[in-house]
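Undergrad: Could you have a look at this structure, given as structure tokens, before my questions?
The values are calculated or read from the model by the stated rules, or taken from the named source; none is laboratory data. Everything numeric here is computed off the predicted structure, so don't read it as measured data. Reconstructed Cβ throughout: ideal geometry from the backbone, glycine too, with neighbour counts over all protein chains shown. Side chains included, ligands, DNA and RNA excluded: accessible areas come from the protein's heavy atoms. Shrake-Rupley method; radii C 1.70, N 1.55, O 1.52, S 1.80 Å.
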Amino acid sequence: MKRSGSADKPKGPGAPPRVLRVALPVPLPQSFDYLAGTADGALPGCRVRVPFGSGERIGIVTGPGGPADGPAVLKPVHEVLDREPVFDSELWRTLSWAAAYYHFPLGEVLNAALPAPLRAGEPWPTLEEPGLAITAAGRDAFAAKPLRAGPGRDVLAALEAGPMPTSALRQQLGRGGSAAMRRLLQRGWIGATSLPPSRPARPVLAGPPLHPEQQAVITAIEGCAEGYSGHLLEGITGSGKTEVYLRLIDAALERGRQALVLVPEIALTPQTLRRFRERLAAPVLPLHSGLGERERARAWAQARSGQPCVVLGTRSAIFTPLPRAGLIVVDEEHDGSYKQGDGFRYHARDLALVRGKALDVPVLLGSATPSLETLALAAEGRLRHHRLIERRGLAKPPLLRLLDLRNQRLVGGLAPTAVQALRDTLARGEQALVFRNRRGFAPALGCAQCGHVWECPRCDRPYTLHRQPPGLICHHCGGRARMPSSCPSCSSTALGGRGLGTERIEAELAEVFPKQRILRIDRDSMRAAGRLDATLAEIETGGPAILVGTQLLAKGHDWPALSLVVIADADSGLLSPDFRAPEHLAQLLTQVAGRAGRGDRPGTVLVQTRQPQHPFWSRWLGGGYRAVADAELRERREGGLPPFQHQALLAAEARDPRALDVFFAAVMALPGEREGVGLIGPLPAPMPRRAGHHRRQLLLECTTRAPLHRLLSGWMPRLYALPQARRVRWSLDVDPLDLY
Ligand code: ADP
Ligand code: ZN
Ligand code: ZN
């Protein structure tokens, strides 16, 4: 093993041994050279098993290595795992580009792109899918005696028409299906089989006739010159964006092409999958973390084979090979879940545009509330901007009203007007949603006597007070503490929660509305598996109820009985130091407001604030998301902030703050052309301590990308080599979304 960068001496006479350069999933910037040995023919992009340190690693051949100094210096490749490269040429190029752009080791980028079984060195998955078929005995039994209604009969009825992939059958049957399949297998009425890659299980449904607005968007996109074109489709929830995606995907499939559709994590539900499957005449392959690893690998391999299919996935699905691509769609492109928060910190929406260019296919970004980055691209003419204005067959947009919280007697954090609105809504037999993005009982526990606040000793931030079960939990590190009985500084026993969490709102509303159904939906109450689905289903069936919930409730659900939304506290978004906070607040408000009045009743949205005079409100109430976005874009341009400024964040943390001093001093002393690049810091991170680690950061910014990347390219290999870097945990985030 030898670093690829070191000097190579020419070898003496005789055929030099072949050397392969291999990218390994290790946190080092360089690739490594190995003697090819029996792996002589291994192509770039093939996996190899190689010795590394005291063990073995799975790496990817990137090409020929430098000449060997002598056979003794380099170790041989142990095994070649593929005959064909696992990545096709476009994905290979895009991933190499991404490694350079995000300044992240190529070996780790390639590794992140691979499904886990391939990463672990397993053989290439067969495209055959495990399936089930009815046996002769099963057929006889099904025909002979009328079976009791239930999952068993449903299984047989489904397989009567022909064998089916096990996963599709399980999906069709839902609860009880798996147990029934096991019973029937034991009885010999059905048998295991393998099936060619799944075709659509159902007949394809036709879509509704397109609205002229939708038709215009489709005509505009299809009318673009062949090859890459970038599009933004702006339209509120329910305006018919998905219908537009479906038509464009259908057209791509017609041409024998593949499509990739990215959706936010929270949106890849069985309903979404069903809608795509019902409408498209090709396999729709879901790719998300909830899926079994084998199934993911098979979907990946199926896409790699080039057959027409639709990959419908979350963030990491952006790494699916698409040798016959025809279209890429990113739905809810503003969604924060597209940015990977640790390790290889890529942005799937940005990579979608890069891949669209590399694949030479159209890319469509859809959103009700486009990110400012995307709006800026559209304003520069780099994306074509299409709009869908109307809601399809739905009620009028909701009425928006601001409630001033100052000088009001609050109940459960709600102003009297809001409480009355809840009462009226329930009396009409409708549902109301109280939105508060803080779980727990109260964001802090304080002493009423002296003002002492209980803080997590590892984060220096207040503990969140929880009631069920009682205790103090740090929402930053997960640390826990017992409920104290008295104040450590003044011995007072008058301790109380400060502020409101969802648990407290639920408890206080239960006192005001003792006979009403109150459903709390947050990560604490929905921890048990299946609980969220069951609760959402209960909401869908209608009947009066108050829903109290966090962000979990904001997206993607269609509740016809919901007619009132109360935003309990909008101020944290207005007062945050994060320059993106107003953008995110406006997105969230629009999203939550979209939940109200989706049936045949008009909805009402009440927003509570102690800052009613803040200019944000006149913009939002007057011109909606676009007015806020336009104002924010102006302010960002004037303030020299993204998207008019490019940023990279070098962050480090360590238990010992002196290690951070030494690290950043070494970083600041690195040579490199800094012309045009602003360096802010090193400064304590907005959260200076977390889980016992001190945290510091250096922000680099530049109005154009080139100087920033030139500096980083110079720095990175040196940074990896710094001895001072070994005592800290450091990371680089290019285009960070989260500075705070
Ligand atoms: P979005 O993706 O913007 O939220 P959808 O495409 O899901 O919007 O459309 C919202 C609802 O309106 C869906 O139930 C859809 O079936 C229906 N819909 C969309 N386009 C049409 C149309 N042209 N005619 C009738 N119904 C439509
Ligand atoms: Zn006290
Ligand atoms: Zn903590």
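Undergrad: Exactly one condition in (1) over 19 Å from Arg595 (Cα atoms); (2) among the aliphatic types (A, V, I, L, M); (3) open to solvent by less than 50 Å² (accessible area, probe 1.4 Å) is not met by Ala529; state its number.
TA: Answer for Ala529: the failing condition is (3).
Undergrad: Counting only residues that are open to solvent by 10 Å² or more (accessible area, probe 1.4 Å), hydrophobic (A, V, I, L, M, F, W, C) and closer than 22 Å to Glu373 by Cβ, which one in the range 549-580 is modelled with the lowest pLDDT?
TA: Checking each candidate, the answer is Leu574.
Undergrad: Quick check on my filter: what residues within the range 127-137 are surrounded by fewer than 21 Cβ atoms within 10 Å (Cβ to Cβ), modelled with pLDDT of 85 or more and under 45 Å from the mean Cα position of the chain (by Cα)?
TA: Ala133, Thr135
Undergrad: Something else: Would you confirm, using the coordinates I've provided, whether Leu365 is under 28 Å from Ala648 (Cβ atoms) and assigned to a strand (DSSP E or B)?
TA: Answer is yes for this residue.
Undergrad: Turning to a different aspect of this structure: Across the range 477-498, what is the number of residues that are surrounded by 18 or more Cβ atoms within 10 Å (Cβ to Cβ) and within 27 Å of Ser572 (Cα to Cα)?
TA: Residues in the range 477-498 being surrounded by 18 or more Cβ atoms within 10 Å (Cβ to Cβ) and within 27 Å of Ser572 (Cα to Cα): 2 in total.
Undergrad: Search the range 427-445 for residues being within 29 Å of His693 (Cα to Cα) and either in a loop (DSSP other than H, G, I, E, B) or in contact with a Cys (Cβ under 9 Å, 6 or more places away or on another chain) (or both), and hand back the single one that is least open to solvent (accessible area, probe 1.4 Å).
TA: Of everything passing the filter in the range 427-445, Gly440 is least open to solvent (accessible area, probe 1.4 Å).
Undergrad: Residue check: is Arg467 under 20 Å from Leu547 (Cα atoms), crowded, with 19+ Cβ neighbours inside 10 Å and basic (Lys, Arg)?
TA: Criteria not met by Arg467.
Undergrad: If you don't mind, another one. For the range 240-343, list the helices (runs of 4 or more DSSP H) that sit wholly inside it and hold at least 3 residues that are open to solvent by less than 10 Å² (accessible area, probe 1.4 Å) and farther than 27 Å from Gln591 by Cα; which are they?
TA: 293-304
Undergrad: Now for a separate question. Go over the candidates Leu327, Leu232 one by one and state the one that is more than 16 Å from ligand 2 (Cβ to nearest atom), more than 25 Å from Gln171 (Cα to Cα) and in contact with a His (Cβ under 6 Å, 6 or more places away or on another chain).
TA: After ruling out the rest, the residue left standing is Leu232.
Undergrad: Starting from the range 491-510, keep only residues that are farther than 11 Å from Ala442 by Cβ, then list their pairs with residues that are assigned to a loop (DSSP other than H, G, I, E, B) and open to solvent by 50 Å² or more (accessible area, probe 1.4 Å) whose Cβ atoms are within a distance under 6 Å, requiring at least 6 positions of separation or different chains.
TA: If the second residue must be assigned to a loop (DSSP other than H, G, I, E, B) and open to solvent by 50 Å² or more (accessible area, probe 1.4 Å), the pairs left are Ser492/Gln449; Ala494/Ala448; Ala494/Gln449.
Undergrad: Any idea which of (1) within 27 Å of the chain's Cα centre (by Cα); (2) exposed (fewer than 14 other Cβ atoms within 10 Å of the Cβ); (3) on the phi > 0 side of the Ramachandran plot is the one Gly451 doesn't satisfy?
TA: (1)
Undergrad: Considering the range 443-492 alone, what residues qualify as being of a type in the set (D, E, K, R) and either at pLDDT 95 or above or within 16 Å of ligand 3 (Cβ to nearest atom) (or both)?
TA: If the condition is that a residue be of a type in the set (D, E, K, R) and either at pLDDT 95 or above or within 16 Å of ligand 3 (Cβ to nearest atom) (or both), then Glu455, Arg458, Asp460, Arg461, Arg480, Arg482 are the ones that fit.
Quick grid of which residues meet (1) of a type outside the set (Lys, Arg); (2) open to solvent by less than 60 Å² (accessible area, probe 1.4 Å); (3) part of a strand (DSSP E or B); (4) modelled with pLDDT of 90 or more:
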{"residue": "Leu20", "(1), (2), (3), (4)": "yes, yes, yes, yes"}
{"residue": "Pro25", "(1), (2), (3), (4)": "yes, yes, no, yes"}
{"residue": "Asp33", "(1), (2), (3), (4)": "yes, yes, yes, yes"}
{"residue": "Thr38", "(1), (2), (3), (4)": "yes, no, no, no"}
{"residue": "Gly45", "(1), (2), (3), (4)": "yes, yes, no, yes"}
{"residue": "Val50", "(1), (2), (3), (4)": "yes, yes, yes, yes"}
{"residue": "Glu56", "(1), (2), (3), (4)": "yes, no, yes, yes"}
{"residue": "Val61", "(1), (2), (3), (4)": "yes, yes, yes, yes"}
{"residue": "Ala72", "(1), (2), (3), (4)": "yes, no, no, no"}
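Undergrad: Name the residues in the range 91-126 that are open to solvent by 50 Å² or more (accessible area, probe 1.4 Å) and part of a loop (DSSP other than H, G, I, E, B), would you?
TA: Those that are open to solvent by 50 Å² or more (accessible area, probe 1.4 Å) and part of a loop (DSSP other than H, G, I, E, B): Ala120, Glu122, Pro123, Trp124, Thr126.
Undergrad: In this structure, is Leu422 away from ligand 3 (no atom under 16 Å from the Cβ), within 36 Å of the chain's Cα centre (by Cα) and closer than 29 Å to Ala267 by Cα?
TA: In short, yes.
Undergrad: Any idea which residue in the range 225-281 is farthest from Asp533 (Cα to Cα), counting only those that are away from ligand 1 (no atom under 14 Å from the Cβ) and polar (S, T, N, Q)?
TA: By that ranking, first place goes to Ser229.
Residue-by-condition table, conditions (1) farther than 23 Å from Leu719 by Cβ; (2) in contact with a Gly (Cβ under 8 Å, 6 or more places away or on another chain):
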| residue | (1), (2) |
| --- | --- |
| Gln30 | no, yes |
| Ala36 | yes, no |
| Ala42 | yes, no |
| Arg49 | yes, yes |
| Gly66 | yes, no |
| Val73 | yes, no |
| Thr94 | yes, no |
| Glu108 | no, yes |
